[in-house]
Amino acid sequence: MPTLGHRTRVGTLFGVPVEVTPSWALLLILVFWSFWVRYTTVFRRHSEGVAVAMAVVATALLLGSLLLHELGHAVVGKMRGLRVSSITLYVFGGATTASQPSGPGDELLFTLVGPTVNLVLSLLFWGVTGVADHFHLSGVAQVSGEAGWLNLLLGVFNVVPAAPLDGGHVLEAVVWRMTGDRAKAVRVAGRAGGGLGGGLIALGVLELLFVKDGLFEGLWLALIGYVVLEGSKGEMTRAWIQEVLRDAAAGVLLTEHSPPVTKDTSIRWLLRNEFTYHHVDAVPVEDGGELVGVVVAGDLERARDAGKLEVTVGEVMRPLAEFPKESASSPALAVLDQLGDHPLVILTDPNGRAVGAVSQRQVGLVLERLRSLRTPPIRWGAWGG
Ligand SMILES: [Zn+2]
């Protein structure tokens, strides 16, 4: 999945936050515009007012179907015990962010439900078309008939076995079940995605160049191909991370050892020392040898900008309860999973003392370093604990 950019929460469905990105507005406009052109110029049997109303309803049905597809993933994910953190609507439809399924069976269920929702919707819409035809409601019949076809198309396109499409995750689950090797499964699905993305871009460019009036469709096809291609690269990275961190302990995710500070440390000192020279995002705070909170880089910078350099750490620290705690010897992949939902995970030693806090940015730095060293998948054992 490409980076989605800034998200705004618009509501919560079944306990899952629903967010939209600014690019979603583009989808809304494009879809409405396409329907409006279709109903006013191609099918001119309706009055202007009726055509606009039809375009509004058709747009709502299509975008609603995309949301229901994601909601299907989210609800089944929750039923199978995954942590579902959000549904995001953006220009290419939607995405559901959830923790990794623990086995191929859960992966299969979580994935297949999305396209199934579209296939069920297409049958429902065609049912409505049948009833509307019976009562000679031609506008209703046309809109619901098209919603039926579009849902069929969505369902079928999504089961093409190429990641990041749902079908790619089905392929992944099958290879995972057959070989027992998850990283290999992710790689196979990612390669297929690369092929599909490249193919769609080529098709789009051909249509754009050689098909009469093919500019819009060709461009759209090439863009979808680009998104699939980028998504497949993300999947390949995921496979590599799975492989390289398979047996590593969470401690390897700490870029620097950042010892805890006491509550009465001044912000001035902390900014000059830990945050400047150690590039850390957070430092644990102790009081009498006991972990009591975490001070985060962003909060320190805000205090500095407000001119409050003599304020103590105790006044700007965040309560421990805000962040999950994990042993530094627990699996690195489990901590990575936690970072999907939390900005920081605090790592502790066997005595429960904090050894540091891991952030997504820090994990990125560690992975970047491993990549530049071309580190092969190695058995790390409990190193870092
Ligand atoms: Zn899906």
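Readers should treat all values here as calculations from the given coordinates under stated rules, not as data from a laboratory. Keep in mind it's a predicted model, so treat the numbers as computed, not measured. With ideal geometry, Cβ positions are generated from the backbone for all residues, glycine too; neighbour counts draw on all protein chains shown.
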(message) Between helix 138-158 and the chain, what is the angle of the helix's C-alpha long axis to the longest principal axis, kept within 0 to 90° and rounded to the nearest 10?
(response) 40 degrees
(message) Restricting the calculation to Cα positions, tell me the Rg (one decimal) and the Dmax (whole number) of region 64-164 in Å.
(response) 15.5, 51
(request) On a 0 to 90° scale, report how tilted helix 23-37 is relative to the longest principal axis of the chain, with both axes built from alpha carbons and the result rounded to the nearest 10. (result) 0 degrees
(request) Round to a whole angstrom and tell me the spacing of the C-alpha centers of region 8-81 and region 100-115. (result) 25 Å
(request) May I ask for the angle, rounded to the nearest 10°, between helix 360-372 and the longest principal axis of the chain, with both axes built from Cα atoms and the value confined to 0 to 90°? (result) 90 degrees
(message) If exposed means no more than 15 neighbouring beta carbons inside 10 Å and the site is in a DSSP loop, what's the longest run of the chain without any exposed chymotrypsin sites (Phe, Trp or Tyr not before Pro)?
(response) 136-382
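I need to check one value: relative contact order of region 200-313, counting alpha carbon pairs closer than 8 Å and at least 6 residues apart, in percent. Walk me through the numbers on the way to the answer.
On the way: 111 pairs, mean separation 22.1, N = 114.
Contact order relative to length: 19 percent.
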(message) Expected output is a single nm value to one decimal: the length gained when fully extending between ALA306 and SER138, i.e. 0.36 nm times separation in residues minus the C-alpha distance. What is it?
(response) 54.1 nm
(message) At 222 nm, what value in deg cm²/dmol follows for the chain if DSSP H runs of at least 4 each add -39500 (n - 2.57) and the sum is divided by all its residues, to the nearest 500?
(response) -18500 deg cm²/dmol
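Scan the chain and hand back the longest stretch that contains none of the trypsin sites (Lys or Arg not before Pro) lying in DSSP loops with at most 12 other Cβ atoms within 10 Å.
Numbers: sites that count: ARG44, ARG45, LYS212, ARG374, ARG379.
With a cap of 12 other Cβ atoms within 10 Å, the longest stretch comes to 46-211.
Given R₀ = 56 Å, FRET efficiency for ARG371-ALA53 by Cβ-Cβ distance, to 0.05? Please list the in-between numbers first.
Working: r = 54 Å, r/R0 = 0.96.
Given R0 = 56 Å and the Cβ-Cβ separation, E is 0.55.
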(message) Suppose we keep just the alpha-carbon trace of region 8-244; what are its Rg and Dmax in angstrom?
(response) 19.1, 62
